[in-house]
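Student: Submitted below is the structure of interest, expressed as structure tokens.
The values are calculated or read from the model by the stated rules, or taken from the named source; none is laboratory data. Just so it is clear, the structure is predicted and the values come from calculations on it, not from any experiment. Note: ideal-geometry Cβ built from the backbone for every residue, glycine included; neighbour counts use all protein chains shown.
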Amino acid sequence: MLISQMHKQIRWVIRILWKMVYCLIACELFLRLFSPVPLLPHGYRVTAYGLRGNEFNRDYRHKTPEYCINIRTNSKGVRADREIPYEKAEGVKRIVLLGDSFGMGYGVNLEDTFSSQMQKLLQESGVNSEIINLGVPAYGNAEELVVLKEEGLKYQPDLVLLAWHPSDYAENVQSNLFGLESGRLVRKNKTYLPKARIREFLFRYEVYRWIAGNLQFYKFIRNVIYLYIRKPIATVKTKLSAIISSKSGKGDMEAKKQTDQNMTDEDYQRNLTIEILKEIKRECVSNRATFMIFDIPVKLSRTEFESHFPECDGNSVDHFEVFSPIELFRRHRGEKIYWEKSEGHFTPLGCRIVGKGLAEFAFSKGLLSNKSAGLDGDVAL
Amino acid sequence: MTAMQRLRASMFLIFVAISFLGLQWRAVKVGFSEWYPYIIVDWNNLISANPKYQWMLLGVFLAIVLFNVVYSFLSLLRSEHRRRFFLVFSIFANLIILGVFKYYNFFADNFSALAEALFNITPNVGVLNIILPVGISFYTFQTMSYTIDVYRRRTEASCSLLEVAAYVSFFPQLVAGPIERGENLLPQFQCSRTINYVDLREGIWLILWGLYKKMVVADNMARIVNRTFAPFDNLSSTSVIPEDGVRLLVAIYAFAIQIYCDFSGYSDIARGTAKLLGFNIMVNFKLPYFAKSPIDFWRRWHISLSTWLRDYLYIPLGGNRAGAFKLYRNLMITMLLGGLWHGAAWTFVLWGVFHGVILILYRAFAPKSEEVQSNWWTSVLKGILTFHIVCFGWLIFRAQNLTTIGIFLQSIFLHPYCSAEAIDCLKNLVFYSWFLILFQVLQASSKILNPMVNFPRFLRLNVWIIVIMSLLCLASKGGQEFIYFAF
């Protein structure tokens, strides 16, 4: 009697388990057939300077309905197929690239990234150049400033190229690494590691790597959780903290706005971004490197693009050399410059256009010339 | 989705949840506590975003309810003469409210235009700058059916303000039907209800299936339709006749699917929600695109309106028992008013006339052939022909002006070329509607509206997976208002 009951229960459990497994398989099949999800797994490591960094010596794939590419990092977490020593070889012009996933070259293979394209064109033009891609997905300018100080300058760059994306506005505030006090940039926190530790832990396991890199349903569930649970909770949290801070009069954003009580959130984001960029430029100038910004346009349609780069006053120190490829993009009317079903990074065509534009811009502005840089001077080496 | 739409949707869901839990806890006791949830109408649905109108519209709504309650009292009078007088008074009051809100501006504009054309004078007819309460056509017709049924002694008069208010404002079907009859819904407020597992499952299925029809099929069809019709919505840019007639034809098919899924989706959600509350409301659509004749189509499409028009307009006019001329006249009047019910515009009038003409022609020439046993192929051909007749009607319905209809017909018949964009539209049409079509074929072949009950468990599980995953992955991002909210 007892045994037959146990058998029944076991059968019931097996049936439930089988149904669950079947549901997972059916959902995975549905996604693959009708609504493929881009799989762009990325593991992080915690760096010595308290930020997220790319994993060392990793070779993995990004698979989307539009492309399948390889991402390889070297022993320093730099996207490269070789080791790059800090010491610079004689006669080599070094360009350090700072940026997020756009800068790192999501959406294309290493040889197709805009940095590789730029390097190729510079070499063809007789400049013995070497680009070190220090891009890390989801980075903002605040993290890029820290990376430049802690890592980038060790490469003795001649030119620092920063791939600037409009998401940097929010990321700079979110990271809370820097803030504005009486209009001045101050370091607020030593570390910023959102989900880095848990990712570092999970990505240690091959099983998890396989799931993250191959199961569309897993990514889908994560997206759903983000969209319907985490995002609303984050919104409620932000609103609550805004209410609390407005009542107490000393909340985060209020503290950030000490300089100007009438400053809106957008103004604060903009001013903070400009101050961080100025700081990056100061770092470059004091280390005898030039600084150049690549303003990544926002795609409205295949023919319409928009720049969100902050306008700032153009005195000699604060004036940035900003390259915007919008005009070049418009010449390629209707062609696919951004991936359309894969989180919107550049296609190989987009990278070619950007790489060429950057090389020409660097030449035309003399950013790789042999003059030495002056602290208060223009962007001449 | 706008913030207001999101708010509305969340209020609706919260309301469903509260009502549902409330009913469960109160364990189906009869009394005031039973139907109070249905009286608390989601006023966001009835009013526009402009708050200054809400009290006025609340007043209108309460006036409609009051008219009917007062009439219910008066119906207890013994004198037939007085009963008839108050019936006419009640109907008149309902029609005045509907007329003022919905048709006044239309008739005023056309009167001015006519006077100017005929007598070269511009009469000073004021235009009412008021908004149209959502669903006014539905709840005025619902209240009228109640008063007429009371007069005809088909429904017992309810002398309770709350009961009538609950009937008129029963929120699942308030804004876009089905137009419920008092004889079906009122007794359900009066008796105890039980909600069992089967009702629960069916209710959830109907809600999901309705959402699937609306969010996955209708809203994605809307993208094809709006993109194709957009250049013609503005008269100034309609001079060029498109060279790819196939694209326009696909857009008409897409609109046929859109309007069906949009409206029947709402009806399914309404039925499902009502089921979760222990109510049964009428089926509003019975596979209309499987109709084999125009008459058959009207037996399957918006059943609550077509039966309303049949019972309260067509039959009182004499129906089909007063000779051929009167039959055709009655058909034409019924369809014309049915068209006008949808909106105050000439295209709706024309749509009604078109269906009137089709029904007259069918009555005149087809009855003999209907008696002939048709084989499978003939049935299919008849179905295809009926579908295309209906599609022509949808073109009239969707076009903003007569010029657009002309351009579409010229393009389809004189330039039937297939562009890359037409293929793209067709691909999207098939991609978003294949499962609906397959399911409807199953419904038609099994002759059951909910074939899920007969499916083996394994198949049922797969259908649930497809519907839920489609809702999560394929639902249109923009979100569109229900078309019939405008009526």
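Student: Is there a residue in region B:171-182 that is more than 19 Å from the chain's Cα centre (by Cα) and in a helix (DSSP H, G or I)?
Tutor: no
Student: Determine which member of the set A:Gly43, A:Gly103 is closer than 28 Å to A:Gly357 by Cα, buried (at least 16 other Cβ atoms within 10 Å of the Cβ), within 17 Å of the chain's Cα centre (by Cα) and more than 14 Å from chain B (Cβ to nearest Cβ).
Tutor: Only one candidate passes the filter, namely A:Gly103.
Student: Another question about this same structure. Could you pull out the residue among B:Ser158, B:Ser169, B:Ser145 that is farther than 30 Å from B:Pro451 by Cβ and either in contact with a Lys or Arg (Cβ under 9 Å, 6 or more places away or on another chain) or modelled with pLDDT of 80 or more (or both)?
Tutor: Criteria check complete, one pass: B:Ser145.
Student: Test B:Ala222 against the criterion of being assigned to a helix (DSSP H, G or I) and over 22 Å from the mean Cα position of the chain (by Cα), and give yes or no. Can you show your working first?
Tutor: On the way: assigned to a helix (DSSP H, G or I): yes; over 22 Å from the mean Cα position of the chain (by Cα): no.
No, not satisfied.
Student: Could you go through region A:188-204 and let me know if any residue there is within 14 Å of chain B (Cβ to nearest Cβ) and among the aromatic types (Phe, Trp, Tyr).
Tutor: Within region A:188-204, not a single residue is within 14 Å of chain B (Cβ to nearest Cβ) and among the aromatic types (Phe, Trp, Tyr).
Student: Given the conditions (1) in contact (Cβ under 8 Å) with a residue 12 or more places away in the chain; (2) within 14 Å of chain B (Cβ to nearest Cβ), report the number of the one that A:Phe56 does not fulfil.
Tutor: (2)
Student: Suppose we filter region A:206-220 for residues that are touching a helix residue (DSSP H, G or I) at 6+ places or on another chain (Cβ under 9 Å) and either free of Cβ contacts under 8 Å to residues at least 24 places away in the same chain or within 14 Å of chain B (Cβ to nearest Cβ) (or both); how many remain?
Tutor: So the first thing to find is which residues in region A:206-220 are touching a helix residue (DSSP H, G or I) at 6+ places or on another chain (Cβ under 9 Å), and the list is A:208-209, A:211-212, A:215-220.
With either free of Cβ contacts under 8 Å to residues at least 24 places away in the same chain or within 14 Å of chain B (Cβ to nearest Cβ) (or both) added as a condition, the list becomes A:208, A:211, A:216-220.
Adding up the residues that qualify gives 7.
Student: Another question, if that's okay. What is the one condition in (1) of a type in the set (Lys, Arg); (2) modelled with pLDDT of 90 or more; (3) not in a loop (DSSP other than H, G, I, E, B) that A:Lys76 does not satisfy?
Tutor: Of the numbered conditions (1) of a type in the set (Lys, Arg); (2) modelled with pLDDT of 90 or more; (3) not in a loop (DSSP other than H, G, I, E, B), the odd one out for A:Lys76 is (3).
Student: Could you list, in sequence order, all residues of region B:349-376 that are at pLDDT below 85 and aromatic (Phe, Trp, Tyr)?
Tutor: Scanning region B:349-376 gives B:Phe365, B:Trp376.
Table: residues versus (1) of a type in the set (A, V, I, L, M); (2) farther than 15 Å from A:Leu215 by Cβ; (3) touching a residue at least 40 places away in the same chain (Cβ under 8 Å).
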| position | (1), (2), (3) |
| --- | --- |
| A:Ile10 | yes, yes, no |
| A:Ile16 | yes, yes, no |
| A:Ile25 | yes, no, no |
| A:Ser35 | no, no, no |
| A:Val46 | yes, yes, yes |
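Student: Something else: Here is a check on your reading of the model: is A:Val21 β-branched (Val, Ile, Thr) and within 14 Å of chain B (Cβ to nearest Cβ)?
Tutor: For A:Val21, the condition - β-branched (Val, Ile, Thr) and within 14 Å of chain B (Cβ to nearest Cβ) - is met.
Student: Take the residues of region A:79-100 that are within 18 Å of the chain's Cα centre (by Cα) and either part of a loop (DSSP other than H, G, I, E, B) or at pLDDT below 90 (or both): which is surrounded by the most Cβ atoms within 10 Å (Cβ to Cβ)?
Tutor: A:Gly99
Student: For residues in region A:24-40 being out of contact with any helix residue (DSSP H, G or I) (no Cβ under 7 Å at 6 or more places or on another chain) and within 21 Å of A:Leu202 (Cα to Cα), which is farthest from the other protein chains (Cβ to nearest Cβ)?
Tutor: Among those that are out of contact with any helix residue (DSSP H, G or I) (no Cβ under 7 Å at 6 or more places or on another chain) and within 21 Å of A:Leu202 (Cα to Cα), it is A:Leu40.
Student: Among the helices (runs of 4 or more DSSP H) confined wholly to region B:293-388, which include 2 or more residues that are closer than 30 Å to B:Asn184 by Cα? Spell out the reasoning first.
Tutor: Working: elements: B:294-300, B:303-309, B:323-342, B:346-365, B:367-371.
Where helices (runs of 4 or more DSSP H) fall fully within region B:293-388 and carry at least 2 residues being closer than 30 Å to B:Asn184 by Cα, they are B:294-300, B:303-309, B:323-342, B:346-365.
Student: Right, next: Working only within region A:356-372, note down all residues that are loosely packed, with under 15 Cβ neighbours inside 10 Å and at pLDDT 85 or above.
Tutor: A:Ser364
Student: Whether any residue in region B:451-468 is modelled with pLDDT under 90, surrounded by 18 or more Cβ atoms within 10 Å (Cβ to Cβ) and part of a loop (DSSP other than H, G, I, E, B) is what I want to check.
Tutor: No, region B:451-468 has no match at all.
Student: What's the number of the condition B:Cys418 fails, among (1) within 14 Å of another protein chain (Cβ to nearest Cβ); (2) assigned to a loop (DSSP other than H, G, I, E, B); (3) not polar (S, T, N, Q)?
Tutor: Condition not satisfied by B:Cys418: (1).
Student: Here is a further query. Can you confirm whether region B:442-465 contains a residue that is among the β-branched types (Val, Ile, Thr) and within 14 Å of chain A (Cβ to nearest Cβ)?
Tutor: Within region B:442-465, one or more residues are among the β-branched types (Val, Ile, Thr) and within 14 Å of chain A (Cβ to nearest Cβ).
Student: Turning to a different aspect of this structure: Taking the residues in region B:375-415 that are touching a residue at least 40 places away in the same chain (Cβ under 8 Å) and exposed (fewer than 14 other Cβ atoms within 10 Å of the Cβ) as candidates, determine which candidate is farthest from the chain's Cα centre (by Cα).
Tutor: Result: B:Leu414.
Student: Assuming B:Thr228 fulfils every condition listed in (1) at pLDDT 90 or above; (2) buried (at least 21 other Cβ atoms within 10 Å of the Cβ); (3) over 30 Å from B:Ser192 (Cα atoms) apart from one, which condition is it?
Tutor: (1)
Student: Could you please give the count of residues in region A:107-146 that are surrounded by 22 or more Cβ atoms within 10 Å (Cβ to Cβ), of a type outside the set (S, T, N, Q) and assigned to a helix (DSSP H, G or I)?
Tutor: Number satisfying all stated conditions: 8.
Student: Any idea which of A:Gly183, A:Gly179 is farther than 21 Å from A:Gly43 by Cα and surrounded by 19 or more Cβ atoms within 10 Å (Cβ to Cβ)?
Tutor: Numbers: A:Gly183 fails: surrounded by 19 or more Cβ atoms within 10 Å (Cβ to Cβ).
After ruling out the rest, the residue left standing is A:Gly179.
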